[in-house]
Amino acid sequence: MTLSDVTLEHLRAVAGEPDADGRYEIVDEIARGGMGTVYRARDRELGREVALKVSLQPGNEAGLEERLLREARVLARLEHPGLVPVHDVGTLPDGRLFYAMKRVRGSRLDHHFAAEPSIPARLRTFERICETVACAHAHGVIHRDLKPENVMVGAFGEVLVLDWGVARLRDDGVAAAPGPVDEAPAPGRTAHGTVLGTPGYMAPEQARGDVEGTDERADVYALGAILYFLLTDAAPPPDGSAGSPRRRNPAVPRPLDSICTRALAAEAGQRYPTVQTLAADVSAFLSGRPVAAHREGPIEWASRQASRYRTPLLLIAAYLVMRAALLFWPR
Amino acid sequence: MPGAVQSPVSLVTRVTCVRRQAAGLYWAPAMPAPSAEPAGPFPPTRHSVLEAVRGGDADARRRACEALAAAYWKPVYKYVRLRWRREPADAEDLTQGFFAVAFEKGFFERFDPERARFRTYLRTCLDGFVSKERAAARAQKRGGGVVPLSLDFESAEGELTLSPPAADVDLEEYFHREWVRALFETAVARLRARCAASGRLVPFAVFERYDLDRGPDTPTYAQLGRELDLPVTQVTNHLSAMRRELRRHLLEALRALCASDDEFRHEARLVLGRDP
């Protein structure tokens, strides 16, 4: 028999599906990554649709299963609307590790804003990403692989931060308290010199493999790179020389340029110390307040005030025009 | 090698080329026979045909060469048609001639798994063979000491006509894809034969209708259930079982064509996107 191209592709997909004939029934494949494949599945017991993230292979080659397990444990520990709830963890009949999570709908950040030029809309989404990452930091979890591909935006603007497989648990955080996350075996921890992350979105210290020196400010850098992407529609250069987004898009307002540049500082000490301070500066810009990262001149100050108090200023101007007209109207 | 018994698949695929049939000069190559072991995540470890082809046993070597021809003749034929722009009759002769010379001269015996993948090695041999066309013609006249293979060139030609590759197709990628297609065709044929032998006609009918007839008319689970008078859960259960068995046949065929476990894992990832 002859298999058409369409049939061949279908067979390749279904023959590679996991044997999930117990509680879960595989419906189709949603996405594929370096750590595993995500399938849309049906939970027969609870009669609902879920997403199953399944490791690439049985056994623990390259520590992939530990990462998958770690990701599941991190997600189960953190409760935030920006994080996908985990329902179940287990092993499939073919020996592969999986975890079941809520099925999320939406589009990737880089796709979502392809047809949305409004900077305020993009910044509001960015604020939600920051809130989610800040929650993780408060629980001692550093994401370490933030990038537009790992952020989903729902139909109503809700944000989900995905792929916590390379997250690092800070020893002095809540995650250090006794619990399943800390019971993860030692090999799951990243050895010094190991580089995990994505070029362009990775902080320089992370790119050097300096695990000890990589803290929350590495996520601040990655968020700066995401902000760069949102302002220029382009990924930052992979060599870490992103710098000012105004160089790529002159329409970027100077205060935003300063925020982005500070977040992307090569030295961790020159970046925002926390994600909250970065988010606060973005919020300040959105509401027309002064931005901490930017020293404005008198013209910029006047322009900002005019923009911030546009409505009362317009009313005053209209009143003055009317008074002038009445004063000089020929009687 | 466990392929000593004639496999069901070789019966299924024994479609003769009319021209060669008239001459009465052919044998049908057989893929390595499927094992009777129960399904598991890994196919049972076995000597691959690539080991057998380099082994000392002449009979096992001959069967291994047949198995290699069965797995690769179609990609070879299509590759000759595309890469060397040969007419169908020429491409048929070159395909036959290539395998004849390969067996006679021991091309496959000289394969070193440390240096390249077998697929790459075979393609390099093929390019060398076709570029020395005169030698190929001589080999054809001699028959290379082996009678021509019974190969269904008409179906291969029909596939090329039905879905012609793009003009700028990457030939290496094309060769790989055709090899994957041949591998799946083998696995499907084995599955069909096994189901027929064990009377599992309904599960195979579900699989055939849902997974093999892909197109705008592919039914939903519910439609298929109504068509075959089955509850939807039974449809999905049958599909799940058939897919699992298909994967087992596929991995067995693949394992036999790989020189090492590492290569097997690598190829399984390429073919299925996952480990075996």
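The values are calculated or read from the model by the stated rules, or taken from the named source; none is laboratory data. Quick caveat, the model's predicted, so the values are computed rather than measured. Here the Cβ is made from the backbone with ideal geometry for all residues, glycine too, and neighbour counts use every protein chain on show.
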- Message: Out of the residues in the range B:123-163 meeting the condition of being surrounded by fewer than 13 Cβ atoms within 10 Å (Cβ to Cβ) and under 18 Å from B:Arg177 (Cα atoms), tell me which one is modelled with the highest pLDDT.
- Response: B:Thr124
- Task: Among the residues of the range A:292-323, count how many are part of a helix (DSSP H, G or I), among the small types (Gly, Ala, Ser) and closer than 30 Å to A:Val275 by Cα.
- Result: 4
- Query: Would you pick out the residues in the range B:186-213 that are free of Cβ contacts under 8 Å to residues at least 40 places away in the same chain, under 25 Å from B:Ser163 (Cα atoms) and either in contact with a strand residue (DSSP E or B) (Cβ under 7 Å, 6 or more places away or on another chain) or surrounded by fewer than 22 Cβ atoms within 10 Å (Cβ to Cβ) (or both)?
  - Reply: B:Glu208, B:Arg209, B:Asp211, B:Leu212, B:Asp213
- Note on the structure: Counted residues in the range B:159-185 being of a type in the set (S, T, N, Q) and either closer than 17 Å to B:Leu272 by Cα or within 11 Å of chain A (Cβ to nearest Cβ) (or both) come to 1
- Condition broken by A:Gly243, with the remaining ones in (1) closer than 23 Å to A:Glu131 by Cα; (2) of a type in the set (Gly, Ala, Ser); (3) free of Cβ contacts under 8 Å to residues at least 24 places away in the same chain satisfied: (1)
- Query: If you check A:Leu223 against the conditions, is it modelled with pLDDT under 75 and under 19 Å from the mean Cα position of the chain (by Cα)?
  - Reply: no
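Rundown of residues vs (1) modelled with pLDDT of 85 or more; (2) farther than 19 Å from B:Ser240 by Cα, yes/no style:
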site	(1), (2)
A:Leu3	yes, yes
A:Ala13	no, no
A:Ile26	no, no
A:Glu49	yes, no
A:Leu52	yes, no
A:Val89	yes, yes
A:Phe113	no, yes
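Quick grid of which residues meet (1) more than 12 Å from chain A (Cβ to nearest Cβ); (2) assigned to a helix (DSSP H, G or I):
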site	(1), (2)
B:Ala187	no, yes
B:Arg194	yes, yes
B:Leu224	yes, yes
B:Glu227	yes, yes
B:Ser240	no, yes
B:His249	no, yes
B:Arg255	yes, yes
B:Ala259	yes, no
B:Arg269	no, yes
- From (1) under 25 Å from A:Ala15 (Cα atoms); (2) at pLDDT below 80, pick out the condition that doesn't hold for B:Ala187. (2)
- Scope the range A:123-146; condition on the phi > 0 side of the Ramachandran plot and touching a residue at least 40 places away in the same chain (Cβ under 8 Å); matching residues: A:Arg144
- Would you say B:Val235 is within 12 Å of another protein chain (Cβ to nearest Cβ), crowded, with 22+ Cβ neighbours inside 10 Å and in contact with a Gly (Cβ under 7 Å, 6 or more places away or on another chain)? yes
- Pick out the one residue from A:Ala324, A:Ala265, A:Ala292 that is closer than 21 Å to A:Glu216 by Cα, over 21 Å from the mean Cα position of the chain (by Cα) and free of Cβ contacts under 8 Å to residues at least 60 places away in the same chain. A:Ala292
- Taking the range A:272-291 as the search range and keeping residues that are part of a loop (DSSP other than H, G, I, E, B) and of a type in the set (Val, Ile, Thr), which one is surrounded by the fewest Cβ atoms within 10 Å (Cβ to Cβ)? A:Thr274
- Message: For the range B:206-215, check the following and say yes or no: at least one residue is under 22 Å from A:Leu56 (Cβ atoms) and within 9 Å of chain A (Cβ to nearest Cβ).
- Response: no
- From A:Asp110, A:Asp28, A:Asp88, grab the single residue that is over 24 Å from the mean Cα position of the chain (by Cα) and among the acidic types (Asp, Glu). A:Asp28
- Check the range B:199-217 and report whether any residue there is in contact with a Pro (Cβ under 8 Å, 6 or more places away or on another chain), under 20 Å from A:Ala13 (Cβ atoms) and charged (D, E, K, R). yes
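Could you please find all residues in the range A:5-23 being more than 16 Å from B:Ala187 (Cβ to Cβ) and either over 33 Å from the mean Cα position of the chain (by Cα) or more than 7 Å from chain B (Cβ to nearest Cβ) (or both)?
Step one: of the range A:5-23, the residues more than 16 Å from B:Ala187 (Cβ to Cβ) are A:5-6, A:18-23.
Across the range A:5-23, the qualifying residues are A:Asp5, A:Val6, A:Pro18, A:Ala20, A:Asp21, A:Gly22, A:Arg23.
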